[in-house]
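Colleague: Right, I'll just put the structure down here and ask away after.
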Amino acid sequence: MRPYTALTIAGSDSGGGAGIQADLKTFEEWKVYGMSVLTSLTAQNTTGVQDVHHIPVSFIEAQLDSVEQDLPIDVIKSGMIARKEAAEHIGAWIAKQKVPYVCDPVMVSASGHPLMEEETRAALSEHLFRYATVITPNIPEAETLLDMEIRTERDMQEAARKFVEELGAKGALVKGGHLNGEAVDVLYDGEIMRTYREDRISTENTHGTGCTYASAIAANLAMGRTLPVAVEKAKDYITEAIRHSFDLGSGSGPTNHWA
Ligand code: PLP
């Protein structure tokens, strides 16, 4: 029997908490066979990003071609894509694949290090969002991309609607982890506005949360679940992963993929 498969196109976190490493650990937990195309390498640990090396676009393309020529792909998930040229080529490749696509618009590391060049931001909707089954911005990312302030659940709903109606994504999950109170996420799929609520867990160890959440959504889409169900299952998973996160390193420890 062939397993479900997922391809992540993202950056490497040498500390193992975020990026490609978080994505592959998450796919593994959902029993989905993971494949990876690396866009950038970060020298990173729980305290921050010490250095970044971008993979040349020609080699990103070589990796995409190698996977495409030989392996089945049930879902695509993207994370850190630093450069505009990389976003253009990856978007053109994704357009040919005709499978669900989860786009996590990673801009800044949890420790505050920029992971995307400024000119790439404008390229996102043109080259990536339009192919996305769902995009998964957190509040700071949504504020930057839409140039608006988000303070309330109603603002989150307005943002989710704008991502779909103005920036062309098929679905948008705006994640409210950066607001106070309950951890509320809003999903708009072009038809229905849904809200997902969980208790807020008080911890500093949230490194890799965004990557893990988006990858869990992707894994569930690979299995053929609908977007609202995939988000519901992924929300449960990320909540437990944060509740049982690891106090590793002297900075923001990683989420627990086994939870
Ligand atoms: N991708 C890479 C390669 C990273 O290094 C980071 C954060 O440091 C992220 C993505 C985003 O991490 P998070 O899941 O915490 O938003």
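Please treat every number below as a calculation from the coordinates, not as lab data. Small disclaimer: the values here were computed from a predicted structure and weren't measured. FYI the Cβ positions are ideal-geometry reconstructions off the backbone, even for glycines, and counts take in every protein chain you see.
Colleague: Just add up the charged neighbours of ALA92: K/R +1, D/E -1, any other residue whose Cβ is under 15 Å from the Cβ of ALA92. Please report the intermediate quantities before stating the final value.
Modeller: On the way: positive: ARG83, LYS84, LYS96, LYS98, ARG130; negative: GLU61, ASP65, GLU68, GLU85, GLU88, GLU126.
Summing Lys and Arg as +1 and Asp and Glu as -1 gives -1.
Colleague: When Lys and Arg each count +1 and Asp and Glu each count -1, what net charge do the other residues less than 12 Å away from ALA18, Cβ to Cβ, add up to? Write down the numbers at each step before the final one.
Modeller: Working: positive: LYS25; negative: ASP13, ASP23, ASP104.
Net of charged neighbours comes to -2.
Colleague: For region 1-64 and region 66-96, what is the separation of their Cα centres, given in Å?
Modeller: Centre-to-centre distance over Cα atoms comes out at 12 Å.
Colleague: Pairwise over distinct Cα atoms, reciprocal of the mean inverse distance: report the Kirkwood radius of region 1-102 in Å, one decimal place. Spell out each step's value before the answer.
Modeller: Numbers: mean 1/r = 0.0716 Å⁻¹.
Mean inverse Cα-Cα distance, inverted, gives 14.0 Å.
Colleague: Where a Cα-Cα gap under 19 Å defines reach, which aspartates and glutamates qualify for LYS98, not counting those fewer than 8 residues away within the same chain?
Modeller: Those aspartates and glutamates meeting the cut-off are GLU61, ASP65, GLU68, ASP70, ASP74, GLU88, GLU126, ASP189.
Colleague: Further question: Please identify the longest segment of the chain free of exposed GluC sites (Glu not before Pro), where exposed means a DSSP state other than H, G, I, E or B and no more than 14 other Cβ atoms within 10 Å. Show your work: numbers first, answer last.
Modeller: Numbers: sites that count: GLU149, GLU166, GLU182, GLU191, GLU204.
Here the longest segment lacking exposed loop sites spans 1-148.
Colleague: For every helix of n ≥ 4 consecutive DSSP H residues, a contribution of -39,500 (n - 2.57) applies; sum these over the chain, divide by its total residues, and give [θ] at 222 nm rounded to the nearest 500 deg cm²/dmol.
Modeller: Numbers: 8 runs with 99 residues, N = 259.
So the calculated ellipticity at 222 nm is -12000 deg cm²/dmol.
Colleague: Could you please report the charge total around THR42, scoring K, R as +1 and D, E as -1 over all other residues with beta-carbon less than 13 angstrom from its beta-carbon?
Modeller: -2
Colleague: Also: Distance from the Cα centre of region 181-227 to that of region 102-146, in angstrom?
Modeller: 16
Colleague: For the chain, give the magnitude of the charge dipole about the Cα centre (Cβ charges: +1 Lys/Arg, -1 Asp/Glu; no others), in debye to the nearest 20. Intermediate results must be reported in sequence, preceding the final value.
Modeller: Numbers: 23 positive and 37 negative charges, 122 e Å.
Using Cβ point charges on Lys, Arg, Asp and Glu, the chain gives about 580 debye.
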